[in-house]
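Report on the following structure.
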Amino acid sequence: MTILVGYIPSPQGDAALDRAIEEARARGEDLVILNASRGEAVVDPRFLYESQEAEIRKRLDAAGVQYTIRREVQNVEPAEEVINVVEELKPRLLVIGLRRRTAAGKFIFGSTAQRILLDADVDILAVKAPRE
């Protein structure tokens, strides 16, 4: 089976990736790294660009896990794409990173993580980045 990690290039994404690597090694599972974007902006800080992907590959190679990196640009919200990939792959575990936000911030802007937590039919491990 596989461990799926929702990844964006951020401290939260890095925390999720680190934990997903630990889980994949401990369980002897393959790792699928999913980066999803709507592709609406010329520069999207959540999109994993090729130069960043090369750095991720170095980390994964050093960790000794089998992995696949999927960069999906679809006309759907990232949460929906994560849920679609969960349905496709049926992973043993999904790992996501959480941002620290105020309750008002979550209410006004919504929460990708909240949608995934509520709608994805898989065990989910949600991690936070260390405080700076």
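Read-outs: derived from the displayed coordinates by stated rules, not from any lab. Computed from a prediction, not measured in an experiment: that's the story for all the values here. In this analysis, Cβ positions are derived from the backbone assuming ideal geometry, glycine residues included, and neighbour counts consider all displayed protein chains.
Counting other beta carbons within 10 Å of each residue's own, what order do Y7, Y67, Y49 fall into, fewest first?
Least to most surrounded, the residues fall as Y49, Y67, Y7.
Say R0 is 22 Å: what FRET efficiency, to the nearest 0.05, do E22 and T68 get from their beta-carbon distance? Could you put the intermediate results ahead of the total?
Working: r = 18 Å, r/R0 = 0.81.
Result of the calculation: an efficiency of 0.80.
Show me 74-87, 11-24, 50-63, 112-125 ranked by packing, highest mean number of other Cβ atoms within 10 Å first. Walk me through the numbers before you get to the answer.
Details: 74-87: 17.3, 11-24: 20.7, 50-63: 12.4, 112-125: 15.4.
Top of the packing list down: 11-24, 74-87, 112-125, 50-63.
Taking the Cβ of E80 as the centre, find all other residues whose Cβ is under 12 Å away and add up their charges (Lys, Arg: +1; Asp, Glu: -1).
Working: positive: R38, R115; negative: E72, E77, E81, E87, D119.
Charge balance in the 12 Å sphere: -3.
Multiplying the sequence separation of R46 and M1 by 0.36 nm and subtracting their Cα-Cα distance, what value in nm do you get? Please report the intermediate quantities before stating the final value.
On the way: separation 45, 0.36 × 45 = 16.20 nm, distance 2.68 nm.
Here the segment from R46 to M1 would lengthen by 13.5 nm.
Could you give the nm distance between label points at R100 and D61, where each point is 7 Å from its Cα heading toward the beta carbon?
Reported label-point gap for R100 and D61 is 3.5 nm.
Once amide H atoms are built 1.01 Å from N in the peptide plane, which residues 5 or more positions from T68, or in another chain, come under 5 Å H to H?
L31, V32, I33
Report which label in (1) 14.1, 41; (2) 14.0, 49; (3) 13.6, 38 holds the value of Rg and Dmax of the Cα atoms in Å derived from the coordinates of this structure.
Answer by label: (1).
Residue by residue through region 76-85, which ³J(HN,Hα) values in whole Hz follow from phi under the Karplus form 6.51 cos²θ - 1.76 cosθ + 1.60 (θ = phi - 60°), with glycine and proline marked x?
9, 5, x, 4, 5, 5, 4, 4, 4, 5
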